[in-house]
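Enquirer: So that we are looking at the same thing, I have put the structure below in structure tokens.
The values are calculated or read from the model by the stated rules, or taken from the named source; none is laboratory data. Bear in mind that the values here come from a model prediction, so they are computed numbers and not experimental data. When we count neighbours, we look across all protein chains shown, and the Cβ atoms used for this are built from the backbone with ideal geometry, even at glycine.
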Protein chains: 2
Amino acid sequence: MPVEVLDNELTDQRLNQLTQALGSGMFVHVRNMLHDMAASDVAFILESSPPRTRQVLWQLIDQDHTGEILDELGEELKDNLIKQMSPERVAKAAARMDTDDLAYILRSLPDSVFNQVLQSMTSQDRTRVEQALSYPDDTAGSIMNTDTVTLRPDVNIDVILRYLRIRGKLPEATDTLYVVDKHDSLLGGVRISDLLTCDPNASVRDIMASKLEGIPVGMSDSEVAQLFERHDWVSAPVIGDDNRLLGRITIDDVVDVIREDAEHSMMGMAGMDDDADTFGPVIKSTLQRSLWLTINLFAALLAASVSNMFEGTLEQFATIAILMTIVPSMGGVAGNQTLALVIRGIALGQIGQSNSRWLIGKELAIGFLNGVLWSVLVFLAIWFWKGDIALGGLIGGAMLINMTVAGFAGASIPLLLKKMNIDPALAGGMVLTTVTDVIGLFAFLGLATFFLLN
Amino acid sequence: MPVEVLDNELTDQRLNQLTQALGSGMFVHVRNMLHDMAASDVAFILESSPPRTRQVLWQLIDQDHTGEILDELGEELKDNLIKQMSPERVAKAAARMDTDDLAYILRSLPDSVFNQVLQSMTSQDRTRVEQALSYPDDTAGSIMNTDTVTLRPDVNIDVILRYLRIRGKLPEATDTLYVVDKHDSLLGGVRISDLLTCDPNASVRDIMASKLEGIPVGMSDSEVAQLFERHDWVSAPVIGDDNRLLGRITIDDVVDVIREDAEHSMMGMAGMDDDADTFGPVIKSTLQRSLWLTINLFAALLAASVSNMFEGTLEQFATIAILMTIVPSMGGVAGNQTLALVIRGIALGQIGQSNSRWLIGKELAIGFLNGVLWSVLVFLAIWFWKGDIALGGLIGGAMLINMTVAGFAGASIPLLLKKMNIDPALAGGMVLTTVTDVIGLFAFLGLATFFLLN
């Protein structure tokens, strides 16, 4: 529920105020400011601060709020901060966290600290933790909370209403109470808004939605997100193999999954980890980026070795060398357009067996049409620039070949990678660019060698 | 509320079944299948079908469900289908749509059809439409619904409970009822879950959250999404300048904004529109992609004209031509990594005045470190490959320059574009690649000319 509207300008203002207060050593003032803010706002400010400011701010944060704030942080920053905390502080923070976030945090701890944290917990917390840890990362189980309120089918609504009044506050984002039998098998759900508007003499069974089926605990979190998006759910029940109710997933955790998946595609295509910390330290960031650059160096050397095959041509015609970057560049851009479209389609679950062949055919056709269009334009541009009609024809021909290949490769590479269980968002761009560079250079230099040297 | 779990495999199966049934001309069977599906599932199947299948499916869809299905479709496909509908059918569909979706659809109609649609509406619907159309696209107003349930502060809870029972079903995704004074000014909110658990003798004022502030109707929808994400809201009230309650925004529309914004960054960086239809027709797709390719052709010609300045060097040293693509390639990848990070930071609202200078400095430092690292590695690789220590040194020097520039440009270009009110996700990649290509070629060919020709 909105407590206060905080727009970005305001956050920027606060960040400025905090930075100034820190700069002038007004630590007590900063501590008070932090104390009055919502956990999510403190988290946002930590995310938006350079490392040194972060360290100071973190020291000034109320120990009691650590758990809530950790809950709201991005993974990389969360891991870093937890590594610096004492096991006692982690245990204390853990007591105030949701089951799903707790499991995430414990997974990232070193074993020795993990055991220390477990020992400092109450036995009730320990049970919750052990349960949460039993579900693999990126499944419905890992974003599930166990704070469900359940009803039996044969009870009257007025009894339920009295029970709820005695029970007190409902868990966050509760829009539905689940109906189970004595074995905890999910029978249906009752919206709390229906409890307010229905006849109090009706029974739970009368007003419950009985077609409600649960999310299998092992379903991937991305699929869960697609279901929430498609059906506009606020929460949904999670069930085990035996249809037993295990917990529920709420929209706030699903929004995080949607954000992460979308960022994964975008950052992945640029060769970055989606957890990458915008304000992380320099050395760490440099090392994180080097894997991708290493792979690219090999790709660039491969392209250079293609040029190397045509050394004779390049020796005789400097103009060929001048123009040889144009064909790979256009192929790379065209291929990347297709790649982005297909990667998004895969992420949204739109592309399956029934339509992937059609899609490749369509992108091949677009590639060919693009090839025709751009070979003519490039032919004209080069003829005009260099006054050489043969040269224009050569680059036009190479363009036609490379654009057609780019359309085909842009669609088939991600689908192929997915079949091989390699993440297309991560590997697709590099494989594609290598293909369009190699084919583009080979086509242009090959055609030039064939027509100019013979 | 989940009615049935439908995972991707199931959708793929259904799609296959539908395609087969269509292929064998079993149109009645297809019509029945479509009739039994949820609107969101029909929309998903339309999105995942090639154009011809789509046409047939669209003909077979129940007229009564058109509105709900249009609600769930992506923008490009929605526009296409609406263009084919008769004004009467649009008017009929409109009657069943949410205010925000209705406004969207009407905005995309040609004027003549728009007037026809308005005339075929009931006067009540017409009022709704005129109201919805008064808010600009991409603002809180454009994703707002007007179906709020309001309470007065001095009423007792048991009166409210009786009123709700008479009133009947609450609007979708209602988690909070808003408290207003007699001028409709927003005073606070009462969660419906609190209505169930509080003392019935309390008054609305006793249990309402009074610090609740509304979202200004003119706030951008991306900022609204950030607020929802940060505060885990399910719905939030929208207010006008005078604090008057105008409506509410619900999480399902916010999820669409989050998805669109994230796709915008990803698709934009590859030169694609985020509305691009995965299974759209070939000619239309080809034309949509040509703007970006036109710009890239100019960028590639600019890079070629840099090489052209060093024609003399390229004439004498074919090896320089062979190696000249490596430096721009590495700079492009390194710059794109920085660009992706900064564009995401801007989209999340993390980057403001207080930290952008720090961020540029950090990326410059990473660029320089990358430069040192990769100049050494490329020096060794080229020395080893070509057996020429001077050539290795030249390419290493050029690499150091270009990687440093790439770090600086990757961070400063999107920030600069944002200041100029140009979308960094769309224009950033092309501007950056042009910079790294031109600087990379200029550095390598310039150094080679200086050291080898003198």
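Enquirer: Against the condition assigned to a helix (DSSP H, G or I), crowded, with 17+ Cβ neighbours inside 10 Å and of a type in the set (Gly, Ala, Ser), how does A:Ser305 come out, does it pass?
Expert: no
Enquirer: Another one. Of the residues B:Gly428, B:Gly440, B:Gly410, only one is assigned to a helix (DSSP H, G or I) and more than 23 Å from the chain's Cα centre (by Cα); which? Even if it seems obvious, please write down each step before you answer.
Expert: Details: B:Gly428 fails: more than 23 Å from the chain's Cα centre (by Cα); B:Gly410 fails: more than 23 Å from the chain's Cα centre (by Cα).
Just a single option satisfies the conditions, and that option is B:Gly440.
Enquirer: Looking at the structure I just gave you, is B:Thr338 more than 27 Å from B:Leu452 (Cβ to Cβ), assigned by TED's automatic domain parsing to the domain that holds B:Ala398 and buried (at least 21 other Cβ atoms within 10 Å of the Cβ)?
Expert: Values: more than 27 Å from B:Leu452 (Cβ to Cβ): yes; assigned by TED's automatic domain parsing to the domain that holds B:Ala398: yes; buried (at least 21 other Cβ atoms within 10 Å of the Cβ): yes.
Criteria met by B:Thr338.
Enquirer: Would region B:313-333 turn up any residue that is buried (at least 21 other Cβ atoms within 10 Å of the Cβ) and over 23 Å from B:Ala390 (Cα atoms)?
Expert: yes
Enquirer: Further question on the same structure: Would it be correct to say that B:Val90 is closer than 19 Å to B:Leu15 by Cα and not aromatic (Phe, Trp, Tyr)?
Expert: Considered against the rule, which asks whether it is closer than 19 Å to B:Leu15 by Cα and not aromatic (Phe, Trp, Tyr), B:Val90 comes out as no.
Enquirer: Restricting to region B:348-357, give me the number of residues that are facing chain A (nearest Cβ under 7 Å) and assigned to a helix (DSSP H, G or I).
Expert: 3
Enquirer: Just wondering, is there one or more residues in region B:239-257 that are surrounded by fewer than 20 Cβ atoms within 10 Å (Cβ to Cβ) and of a type in the set (Ser, Thr, Tyr)?
Expert: no
Enquirer: I've got another one for you. Could you say whether any residue in region B:19-39 is of a type in the set (D, E, K, R) and under 30 Å from A:Arg357 (Cα atoms)? Walk me through it before giving the result.
Expert: First pass over region B:19-39, keeping only residues of a type in the set (D, E, K, R): B:31, B:36.
Next cut, under 30 Å from A:Arg357 (Cα atoms) only: B:31, B:36.
Yes; the residues of region B:19-39 include at least one that is of a type in the set (D, E, K, R) and under 30 Å from A:Arg357 (Cα atoms).
Enquirer: Would you mind telling me which numbered condition in (1) at negative phi; (2) more than 7 Å from chain B (Cβ to nearest Cβ); (3) touching a strand residue (DSSP E or B) at 6+ places or on another chain (Cβ under 9 Å) A:Asp184 fails?
Expert: (1)
Enquirer: From the list A:Asp184, A:Asp138, exactly one residue is outside the structural domain of A:Ile207 (by TED's automatic domain parsing) and of a type outside the set (Phe, Trp, Tyr). Which is it?
Expert: From the options A:Asp184, A:Asp138, the qualifying one is A:Asp138.
Enquirer: Next up: Please pick out the residue among B:Leu10, B:Leu15 that is surrounded by fewer than 17 Cβ atoms within 10 Å (Cβ to Cβ), of a type in the set (A, V, I, L, M, F, W, C) and at pLDDT below 80.
Expert: Working: B:Leu15 fails: surrounded by fewer than 17 Cβ atoms within 10 Å (Cβ to Cβ).
Testing whether each residue is surrounded by fewer than 17 Cβ atoms within 10 Å (Cβ to Cβ), of a type in the set (A, V, I, L, M, F, W, C) and at pLDDT below 80 leaves just B:Leu10.
Enquirer: Assuming B:Leu73 fulfils every condition listed in (1) among the hydrophobic types (A, V, I, L, M, F, W, C); (2) out of contact with any Lys or Arg (no Cβ under 6 Å at 6 or more places or on another chain); (3) buried (at least 21 other Cβ atoms within 10 Å of the Cβ); (4) more than 12 Å from chain A (Cβ to nearest Cβ) apart from one, which condition is it?
Expert: Going through the list (1) among the hydrophobic types (A, V, I, L, M, F, W, C); (2) out of contact with any Lys or Arg (no Cβ under 6 Å at 6 or more places or on another chain); (3) buried (at least 21 other Cβ atoms within 10 Å of the Cβ); (4) more than 12 Å from chain A (Cβ to nearest Cβ), B:Leu73 breaks only (4).
Enquirer: Turning to a different aspect of this structure: Does B:Thr176 satisfy the condition of being within 14 Å of chain A (Cβ to nearest Cβ) and over 20 Å from A:Pro200 (Cβ atoms)?
Expert: The answer is yes for B:Thr176.
Enquirer: Return the only residue of B:Gly335, B:Gly345 being in a helix (DSSP H, G or I), of a type outside the set (S, T, N, Q) and touching a residue at least 40 places away in the same chain (Cβ under 8 Å).
Expert: Within the list B:Gly335, B:Gly345, the selection yields B:Gly335.
Enquirer: Ok, one more. Out of all the residues in region A:225-245, which are more than 26 Å from A:Leu73 (Cα to Cα) and either in contact (Cβ under 8 Å) with a residue 12 or more places away in the chain or charged (D, E, K, R) (or both)?
Expert: If the condition is that a residue be more than 26 Å from A:Leu73 (Cα to Cα) and either in contact (Cβ under 8 Å) with a residue 12 or more places away in the chain or charged (D, E, K, R) (or both), then A:Arg230, A:Ile239, A:Gly240, A:Asp241, A:Asp242, A:Asn243, A:Arg244, A:Leu245 are the ones that fit.
Enquirer: Sticking with this structure for a sec: So how many residues does region B:267-295 have that are free of Cβ contacts under 8 Å to residues at least 24 places away in the same chain and part of a helix (DSSP H, G or I)?
Expert: 13
Enquirer: Quick one: in region A:232-285, of everything that is within 8 Å of another protein chain (Cβ to nearest Cβ), of a type in the set (Gly, Ala, Ser) and under 30 Å from B:Met330 (Cβ atoms), which residue is farthest from the chain's Cα centre (by Cα)?
Expert: A:Ser285
Enquirer: Tell me which residues, restricted to region A:165-197, are free of Cβ contacts under 8 Å to residues at least 24 places away in the same chain and of a type in the set (A, V, I, L, M).
Expert: Result: A:Ile166, A:Leu170, A:Ile192, A:Leu196.
Enquirer: What is the residue count in region A:358-386 for residues that are more than 7 Å from chain B (Cβ to nearest Cβ), crowded, with 21+ Cβ neighbours inside 10 Å and charged (D, E, K, R)?
Expert: Qualifying residue count for the region: 1.
Enquirer: Checking B:Ser120 against (1) out of contact with any Asp or Glu (no Cβ under 9 Å at 6 or more places or on another chain); (2) modelled with pLDDT under 80; (3) not aromatic (Phe, Trp, Tyr), only one condition comes out false. Which one?
Expert: Looking at each condition in turn, B:Ser120 falls short on (1).
Enquirer: Here's another thing I want to ask about it. Please count how many residues of region A:192-213 are surrounded by fewer than 15 Cβ atoms within 10 Å (Cβ to Cβ) and within 11 Å of another protein chain (Cβ to nearest Cβ).
Expert: Final tally of qualifying residues: 4.
Enquirer: Which members of region B:18-50 meet the condition of being β-branched (Val, Ile, Thr) and either in contact with an Asp or Glu (Cβ under 7 Å, 6 or more places away or on another chain) or at pLDDT 80 or above (or both)? Let's see the steps before the verdict.
Expert: Within region B:18-50, the first condition is being β-branched (Val, Ile, Thr), and the residues that meet it are B:19, B:28, B:30, B:42, B:45.
Those that are β-branched (Val, Ile, Thr) and either in contact with an Asp or Glu (Cβ under 7 Å, 6 or more places away or on another chain) or at pLDDT 80 or above (or both): B:Val28, B:Val30, B:Val42, B:Ile45.
Enquirer: If you don't mind, there's one more thing I want to ask. It is to be established whether one or more residues within region A:190-197 are among the basic types (Lys, Arg) and out of contact with any Pro (no Cβ under 7 Å at 6 or more places or on another chain).
Expert: Scanning region A:190-197, I find at least one residue that is among the basic types (Lys, Arg) and out of contact with any Pro (no Cβ under 7 Å at 6 or more places or on another chain), so the answer is yes.
Enquirer: Would you confirm, using the coordinates I've provided, whether B:Ile401 is more than 21 Å from A:Ile295 (Cα to Cα) and among the β-branched types (Val, Ile, Thr)?
Expert: Taking the combined requirement at face value, the residue does not satisfy it.
The rows are residues; the columns are (1) surrounded by fewer than 22 Cβ atoms within 10 Å (Cβ to Cβ); (2) within 24 Å of B:Thr250 (Cβ to Cβ).
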residue	(1), (2)
B:Gln124	yes, yes
B:Thr139	yes, yes
B:Met144	no, yes
B:Leu151	no, yes
B:Leu161	yes, yes
B:Leu170	yes, yes
B:His183	yes, no
B:Val190	no, yes
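Enquirer: Another question, if that's okay. Right, B:Asp252: at pLDDT 85 or above, out of contact with any helix residue (DSSP H, G or I) (no Cβ under 7 Å at 6 or more places or on another chain) and part of a loop (DSSP other than H, G, I, E, B) or not?
Expert: no
Enquirer: With respect to A:Leu339, is the statement that it is at the interface with another protein chain (Cβ under 9 Å from one of its Cβ atoms) and within 21 Å of A:Met266 (Cα to Cα) true?
Expert: Criteria met by A:Leu339.
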